[in-house]
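**Student:** Input: one structure, supplied below.
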Amino acid sequence: MFGPEQGHFALALACVLALIQFVVPLWGAHKRNARLVALAPFLAVSQLLALAISFFSLIMCAVHDDFSVQNVAANSAASKPLLYKITGVWGNHEGSVLLWTLILGVCGAAVAAFGRNLPDILRGRVLAVLGGVSAGFQLFCLLTSNPFDRVFPAPMDGQGMNPLLQDPGLAFHPPILYTGYVGFAVPFAFAVAALLEGRVDAAWGRWVRPWAVAAWCFLTCGIALGSWWSYYVLGWGGYWFWDPVENASLIPWLTGTALVHSAIVVEKREGLKIWTVLLAIATFSFSLSGTFLVRSGILNSVHAFANDPARGVFILGLLALVIGGSLALFAWRAPSLTSGGLFSPVSREGSLVLNNILLCSICAVVVTGTMYPPFMQLLAGRTISVGKPFFDAATIPLTIPLLLAMGVGTALPWKRAQLARTFSHLFVAAIIAAVGLVLCFWKFSGALPIACGALAIWVMAASVTDILRRVGLGHSSMSEMLARSRNLPRSSWGAALAHIGAGITVLGLCGMSGAQHAIVEIHVGETRSLAGDDWTLLNVHDYAGPNYRAMQADIAIRHNGRLITTLHPEKRDFTTQNQTTTEVAIHTNFITDLYGVVGDRHGTGADATYVLRLHRNPLAPWMWLGGLVMAIGGAFSLSDRRLRVGAPKRAATRNMAQA
Amino acid sequence: MTRKTRRLWIVIACLACISSAAALTLRAFSSNIVFFMAPSQVKANPPSPARTIRLGGMVMAGSLHRITENGAPVNSFNVTDGQAAVEVHYTGILPDLFREGQSVVALGTVQKDGGFTASEVLAKHDETYMPKEVADELKRTGKWDPRFGKAPDAASWDTMTAKKAGG
């Protein structure tokens, strides 16, 4: 039932359905034919069904070790654990493109399912745009990177998967990251539909925001997970390398964050409409370019799957079509959109505008830093690179006013703020931040970490005091406060949580700037001290794993003679691929990570020495914890939106049931 | 507050942010751009010891040796592009994919004596994959012509580079 040919056929079917989904509703909307437009949700769901069958077939090929399928033969092996046989499906180029289109299909079906309260024409157009993008990617998959290609004669065993990718963190990193990337296709489709319609209003803002927030949550989680993976798998103690591919995920995150905020202004005040439409287009364009950069190998990176020019040309054409087409439409139709209400510079709107400008400036810096080296290579023929020092020097000074504004923004009212009142609201937060500054002076070193740390505390304090003030702390009774906190919109809780999460992440980054490490070469039984802890190499032994051989070290860490923990870092040798990987051992108490890596063995017997890398990383877990809190904040805000948008319909059905 | 003054405020804010972003970018570029150099280029005109560069090429077969200095392991190996070789010193654990006879990129500075002190050594995650800079350099020096097929197998780099670079 689920063989490679069936999967191939289902993919082709999905592509045809996507093409119909693209053409028919648009034509119907143009001709005002409601029946043609009403086909769109049905087509979106059937497309998803076909894609799901296709994807499931590929998984079954991998699970059943069907090495007559080229993709399985190249990336799997009979001895591979079942989990990685399944997750390995999207660990390679062809499978990941298929996963990408599957997620796009899920987005389309989700709009069809949850968008029942949208006007039919708008929903038809949104689904048509999604169908068009979907069809493009499915054609790419079918024509240049078909995962179902057969190979003859079929090999006895596959070539196996890169051992670095055999990791639970990485197994679930691509689906989450892709959901973030692809999720921004929905706001994009809404923007294009709005341009076709020539109308953007508060209702549009309310419809588009949950989709943007959902995609943003996934992208946040995906980036955090990727960073965590590189921290505990690559074994350098680093968490962000400003690698082009990492930047490719950060860029849409920055514009996506701006979008999530500017859509609030559209929804509440009908302002910044043209800008929000442009941001929606830009965010998805950056997401697409991100994939393009990853897949084409234009940017050298550890993530590049393939350097195939045919694929590069196809993707480039697809990009030009989607981005160029939508921008042309924007240039043509945007002037017809009317601009919204007035506001003073010191107001909630003003702070959100500032947020957008700063985020886009940071984004511009990251884009420049990422694109400058390949352009230089192309134009001047000089190979250059820019790394962490450049990005640190250029982005951190822009982050400081952003953090400052984050604290002020939530305390400001819409339209016009009275400065004296705002200051009185922020007084407590400012005092907490001042205490935080002293704390940072004590704990961190360097001007930027101290300033950023204090500002992170400022953001968190401002979020908490804002919520407390709105709940009525200090001038109302306990029960009244509880009632108020229940009435406070979930989106306010969500925003506060997300801001607190951002503060936690920034604190983690500041803490990591004080990380210490040492590289030592010692005998078994010897002790080295690092930042007040004594690290003793107790023992080293070899053992055999399912598809590798490993050398495991036991390292005891003592503080003033008291045993804190024993780490067991490993070095694994995968024989099939002739590759070694490092298994880092990490002990965390959520304040400090103790991080140990074992390197080479030199010499033999009792005389053997071992190279060890020892790290002490303060506040490291906070970086990813903050990302998680941000995503939870987004999810919280989503739950509010759903209730509000769905409420009238729900009420109507309940009344009918009672009648 | 009229529409015009609001627009003026927004334009001022945009200009302020964008110009500071541009200034920061330019400043950061001028001090932090890292040029890629092949060993022969380093030999021909050595950059100043203050300048960080990326040195790329093949690790010469048989050139890797380790010593322990103050309890820390120091790796020394020669990086070659087939025309010249530069000795690289690196304190730390070499990446898992580091192999003699395979491509490598090292970040660091050229010392007065012509040696190279690396702060970071990168080997690509896919062992069949060659850094683009190294491939370009090989094409430029005539070690590999893409018109005549794929780059030579990693194993053959040993003999190929060691022989020519030695002299």
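The values are calculated or read from the model by the stated rules, or taken from the named source; none is laboratory data. This structure is a prediction, so every number in the text was calculated from the model and none was measured. Please note: Cβ atoms are built from the backbone with ideal geometry, for glycine as well, and neighbour counts cover all protein chains shown.
**Student:** Using the structure shown, decide if B:S20 is facing chain A (nearest Cβ under 8 Å), polar (S, T, N, Q), over 30 Å from A:Y610 (Cα atoms) and not in a strand (DSSP E or B).
**Tutor:** Answer is yes for this residue.
**Student:** For the range A:405-420, name all the residues that are assigned to a helix (DSSP H, G or I) and either on the phi > 0 side of the Ramachandran plot or buried (at least 16 other Cβ atoms within 10 Å of the Cβ) (or both).
**Tutor:** Across the range A:405-420, the qualifying residues are A:A405, A:M406, A:G407, A:V408, A:G409.
**Student:** Residues that are hydrophobic (A, V, I, L, M, F, W, C) and touching a residue at least 12 places away in the same chain (Cβ under 8 Å): which strands (runs of 3 or more DSSP E) entirely in the range B:42-113 hold 3 or more of them?
**Tutor:** B:53-59, B:72-80, B:85-91, B:103-110
**Student:** Scan the range A:141-173 for residues that are more than 14 Å from every other protein chain (Cβ to nearest Cβ), surrounded by fewer than 21 Cβ atoms within 10 Å (Cβ to Cβ) and assigned to a helix (DSSP H, G or I) and jot them down.
**Tutor:** A:L142, A:L143, A:T144, A:P168, A:G169, A:A171, A:F172
**Student:** Would you call A:T576 in contact (Cβ under 8 Å) with a residue 60 or more places away in the chain, of a type outside the set (K, R), within 14 Å of chain B (Cβ to nearest Cβ) and farther than 30 Å from A:A606 by Cβ?
**Tutor:** yes
**Student:** Could I ask something else about it? Tell me the residue from A:V63, A:V24, A:V89, A:V69 that is surrounded by 18 or more Cβ atoms within 10 Å (Cβ to Cβ), at negative phi, within 29 Å of the chain's Cα centre (by Cα) and not charged (D, E, K, R), please.
**Tutor:** Going through A:V63, A:V24, A:V89, A:V69 in turn, the sole match is A:V89.
**Student:** Being of a type in the set (S, T, Y) and within 11 Å of chain B (Cβ to nearest Cβ) is the filter; apply it to the range A:579-596 and report the residue that is nearest to A:G532 (Cα to Cα).
**Tutor:** Filtering first and then ranking leaves A:T582.
**Student:** Of the conditions (1) more than 14 Å from chain B (Cβ to nearest Cβ); (2) modelled with pLDDT under 90; (3) surrounded by fewer than 24 Cβ atoms within 10 Å (Cβ to Cβ); (4) under 20 Å from A:I59 (Cβ atoms), A:T179 fails just one. Which one is it?
**Tutor:** (2)
**Student:** Let me ask you something else. Among the candidates B:T5, B:T52, which residue alone is more than 7 Å from every other protein chain (Cβ to nearest Cβ), on the phi < 0 side of the Ramachandran plot and surrounded by fewer than 14 Cβ atoms within 10 Å (Cβ to Cβ)?
**Tutor:** Every option except B:T5 fails the conditions.
**Student:** Can you pull out every residue in the range B:23-41 that is facing another protein chain (nearest Cβ under 8 Å) and free of Cβ contacts under 8 Å to residues at least 40 places away in the same chain?
**Tutor:** Hits for the range B:23-41 are B:L24, B:T25, B:R27, B:A28, B:F29, B:S31, B:N32, B:I33, B:F35.
**Student:** Which members of the range A:3-21 meet the condition of being touching a Ser or Thr at 6+ places or on another chain (Cβ under 7 Å) and buried (at least 18 other Cβ atoms within 10 Å of the Cβ)?
**Tutor:** A:P4, A:G7, A:A10, A:L11, A:A14, A:L17, A:A18
**Student:** Return the pairs, sorted by first residue and then second, in which the second residue is of a type in the set (F, W, Y), the first residue lies in the range A:390-413 and is over 21 Å from A:R348 (Cβ atoms), the beta carbons are less than 7 Å apart, and the residues are 6+ apart or on different chains.
**Tutor:** A:F390/B:F29; A:F391/A:W242
**Student:** Also, quick follow-up: Looking at A:S485, A:S463, A:S492, which is the one that is buried (at least 21 other Cβ atoms within 10 Å of the Cβ), of a type in the set (S, T, Y) and in contact (Cβ under 8 Å) with a residue 12 or more places away in the chain?
**Tutor:** Selected residue: A:S463, the only one of A:S485, A:S463, A:S492 that is buried (at least 21 other Cβ atoms within 10 Å of the Cβ), of a type in the set (S, T, Y) and in contact (Cβ under 8 Å) with a residue 12 or more places away in the chain.
**Student:** Of the numbered conditions (1) touching a Lys or Arg at 6+ places or on another chain (Cβ under 6 Å); (2) modelled with pLDDT of 90 or more, A:T101 fails exactly one; give the number of that condition.
**Tutor:** (1)
**Student:** Would you confirm, using the coordinates I've provided, whether A:F56 is assigned by TED's automatic domain parsing to the domain that holds A:A109, surrounded by fewer than 21 Cβ atoms within 10 Å (Cβ to Cβ) and farther than 30 Å from A:D120 by Cα?
**Tutor:** For A:F56, the condition - assigned by TED's automatic domain parsing to the domain that holds A:A109, surrounded by fewer than 21 Cβ atoms within 10 Å (Cβ to Cβ) and farther than 30 Å from A:D120 by Cα - is met.
**Student:** Follow-up question, since we're still on this one. Which members of the range A:27-49 meet the condition of being closer than 23 Å to A:W100 by Cβ and buried (at least 22 other Cβ atoms within 10 Å of the Cβ)?
**Tutor:** A:A40, A:P41, A:L43, A:A44, A:Q47, A:L48, listed by residue number.
**Student:** Another question, then. What's the number of the only condition in (1) within 20 Å of B:G92 (Cα to Cα); (2) more than 14 Å from chain B (Cβ to nearest Cβ); (3) of a type outside the set (D, E, K, R); (4) out of contact with any Lys or Arg (no Cβ under 7 Å at 6 or more places or on another chain) that A:P569 fails to meet?
**Tutor:** The number of the failed condition is (2).
**Student:** What strands (runs of 3 or more DSSP E) lie completely within the range A:585-627 and have 2 or more residues being outside the structural domain of A:V233 (by TED's automatic domain parsing) and surrounded by fewer than 19 Cβ atoms within 10 Å (Cβ to Cβ)?
**Tutor:** So the answer is A:585-588, A:592-602.
Rundown of residues vs (1) more than 29 Å from A:N33 (Cα to Cα); (2) among the aliphatic types (A, V, I, L, M); (3) in the same structural domain as A:W204 (by TED's automatic domain parsing), yes/no style:
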| position | (1), (2), (3) |
| --- | --- |
| A:E94 | yes, no, no |
| A:T101 | no, no, no |
| A:C107 | no, no, no |
| A:A110 | no, yes, no |
| A:L122 | no, yes, no |
| A:V126 | no, yes, no |
| A:V133 | no, yes, no |
| A:F140 | yes, no, no |
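**Student:** In addition: Here are the criteria: (1) free of Cβ contacts under 8 Å to residues at least 40 places away in the same chain; (2) within 25 Å of B:H65 (Cα to Cα); (3) more than 14 Å from chain B (Cβ to nearest Cβ). Tell me which single one A:L538 does not satisfy.
**Tutor:** Unmet for A:L538, out of (1) free of Cβ contacts under 8 Å to residues at least 40 places away in the same chain; (2) within 25 Å of B:H65 (Cα to Cα); (3) more than 14 Å from chain B (Cβ to nearest Cβ): (2).
**Student:** OK, next. Here are B:V104, B:V110: which of them is modelled with pLDDT of 60 or more, under 30 Å from A:I522 (Cβ atoms) and buried (at least 20 other Cβ atoms within 10 Å of the Cβ)?
**Tutor:** Result: B:V104 is the single residue among B:V104, B:V110 that is modelled with pLDDT of 60 or more, under 30 Å from A:I522 (Cβ atoms) and buried (at least 20 other Cβ atoms within 10 Å of the Cβ).
**Student:** Something else: Anything in the range A:77-97 that is assigned to a helix (DSSP H, G or I) and touching a Ser or Thr at 6+ places or on another chain (Cβ under 7 Å)? List them, or say none.
**Tutor:** A:K85, A:G88, A:W90, A:H93, A:E94, A:V97
**Student:** Quick check: anything in the range A:228-248 surrounded by fewer than 21 Cβ atoms within 10 Å (Cβ to Cβ), of a type in the set (A, V, I, L, M) and outside any helix (DSSP H, G or I)?
**Tutor:** Looking through the range A:228-248, at least one residue is surrounded by fewer than 21 Cβ atoms within 10 Å (Cβ to Cβ), of a type in the set (A, V, I, L, M) and outside any helix (DSSP H, G or I).
**Student:** In addition: Return the residues of the range A:40-73 that are free of Cβ contacts under 8 Å to residues at least 60 places away in the same chain and acidic (D, E); say none if nothing qualifies.
**Tutor:** Passing the criteria: none in range.
**Student:** OK, next. Any idea how many residues of the range A:329-387 are assigned to a helix (DSSP H, G or I), basic (K, R) and either more than 30 Å from A:T410 (Cβ to Cβ) or within 10 Å of another protein chain (Cβ to nearest Cβ) (or both)?
**Tutor:** 1
**Student:** Related question: So A:S479 ticks every box in (1) out of contact with any strand residue (DSSP E or B) (no Cβ under 8 Å at 6 or more places or on another chain); (2) in contact (Cβ under 8 Å) with a residue 24 or more places away in the chain but one. Which box is left unticked?
**Tutor:** (2)
Condition check ((1) at pLDDT 90 or above; (2) crowded, with 22+ Cβ neighbours inside 10 Å; (3) part of a loop (DSSP other than H, G, I, E, B)) across all residues:
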site: A:T422; (1), (2), (3): no, no, no
site: A:V438; (1), (2), (3): yes, no, no
site: A:W442; (1), (2), (3): no, no, no
site: A:A456; (1), (2), (3): yes, yes, no
site: A:H499; (1), (2), (3): yes, yes, no
